[in-house]
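> First the structure, then my questions, so here it is.
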Amino acid sequence: MNAPERATAHAVAADGLAERVAAIDWRRVEAELDAEGCARIERLLTPSECTALASLYELDPDSVGIFRSRILMARHGFGRGEYRYFSYPLPALIAGLREALYPRLVPTADRWNEAMRTGVRFPPKHAAYIARCRAAGQTRPTPLLLRYGVGDYNCLHQDLYGEQVFPLQVALLLSQPGRDFEGGEFVMTEQRPRMQSRPIVLPLRQGDAAVIAVDQRPVQGARGVYRVKLRHGVGRVRSGQRHTAGIIFHDAA
């Protein structure tokens, strides 16, 4: 990567991000996560921040200064489209999102794990959790950018990268439906014991964030708590181009 490209990547600033995150109605988010396994946060990012992040995808794909790897989804049976994992140090906006959102999600993550009796609790600061990941051999950053063109889609999946798993993650839509693309709905399924899977479609606009369960969440039933398993994906894009950023809080082995 040349110096101007590197400067562009890391100049995607996080101005006012902490204040925006603090202003979110986190009680509502927690209630929706408990009820559905997902919650929408409207306009978390500004249109200019979305455009700046999406534009990073057009930088040199062989660069190791911004991205550590590029995945062509069809090659691995993941769907169609492509994505790139960021390398450390993360761009300021991506790092800021990780650091600001993580402590707001820890209370839900701890409650879920307590209900599911996993015995796992999470430190209050993201840096301490990343240290735990590194101690477990998970040292590769997992935040990523995804790009979908016409006919592209993402199969239902879970973002699990090793022993350490933070039970919530965030997907950010960087493109505007109806203007930049058609189709490409954000979809989830919830697999329930001895029942058919439940479909979920989460409508998003540019700058919106989807907070979703990574793997399992607890549900209160008539005979106590049971676990449901969630997966997420993206429907086929009918026209245009769709960009998304993914904020995963655990790192990869």
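The values are calculated or read from the model by the stated rules, or taken from the named source; none is laboratory data. Computed from a predicted structure; not experimentally measured. Ideal geometry is used to build each Cβ from the backbone, glycine not excepted, and the neighbour counts take in all protein chains shown. We work out accessible area using only protein heavy atoms, side chains counted, and drop any ligands, DNA or RNA first. Shrake-Rupley method; radii C 1.70, N 1.55, O 1.52, S 1.80 Å.
Let's see how each residue does on (1) modelled with pLDDT of 95 or more; (2) over 24 Å from GLU182 (Cα atoms):
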| position | (1), (2) |
| --- | --- |
| ARG217 | yes, yes |
| GLY224 | no, yes |
| LYS229 | yes, yes |
| ARG238 | yes, no |
| GLN241 | yes, no |
| GLY246 | yes, no |
| ALA252 | yes, yes |
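> Residue by residue through region 15-69, note down the ones that are aliphatic (A, V, I, L, M) and either open to solvent by 70 Å² or more (accessible area, probe 1.4 Å) or part of a loop (DSSP other than H, G, I, E, B) (or both). Spell out how you get there, then give the answer.
So the first thing to find is which residues in region 15-69 are aliphatic (A, V, I, L, M), and the list is 17-18, 21-24, 29, 31, 33, 35, 39, 41, 44-45, 52-54, 56, 59, 64, 66.
Matches in region 15-69: ALA23, ILE24, LEU44, LEU45, LEU59, VAL64, ILE66.
> Another question, if that's okay. Please go through region 202-253 and give me each residue that is open to solvent by 20 Å² or more (accessible area, probe 1.4 Å), aliphatic (A, V, I, L, M) and within 29 Å of PRO91 (Cβ to Cβ), ordered by number.
LEU202, LEU204, ALA253
> Exactly one of (1) out of contact with any Phe, Trp or Tyr (no Cβ under 6 Å at 6 or more places or on another chain); (2) among the hydrophobic types (A, V, I, L, M, F, W, C); (3) farther than 17 Å from VAL106 by Cβ is unmet by LEU204. Its number?
(1)
> Also: Has region 139-152 got any residue that is open to solvent by 50 Å² or more (accessible area, probe 1.4 Å) and free of Cβ contacts under 8 Å to residues at least 60 places away in the same chain?
no
> While we're here: Here are the criteria: (1) over 15 Å from the mean Cα position of the chain (by Cα); (2) outside any strand (DSSP E or B). Tell me which single one VAL165 does not satisfy.
Going through (1) over 15 Å from the mean Cα position of the chain (by Cα); (2) outside any strand (DSSP E or B) one by one, VAL165 breaks only (1).
> I'd like the residue in region 180-201 that is open to solvent by 50 Å² or more (accessible area, probe 1.4 Å) and free of Cβ contacts under 8 Å to residues at least 40 places away in the same chain and, out of all such residues, is farthest from LEU56 (Cα to Cα).
Per the stated criteria, the residue is ARG194.
> Scan region 91-134 residue by residue and report those that are part of a loop (DSSP other than H, G, I, E, B) and buried (at least 20 other Cβ atoms within 10 Å of the Cβ). Talk me through it step by step, then tell me what you get.
Within region 91-134, the first condition is being part of a loop (DSSP other than H, G, I, E, B), and the residues that meet it are 91, 117-125.
Within region 91-134, PRO91, PHE122 meet the criteria.
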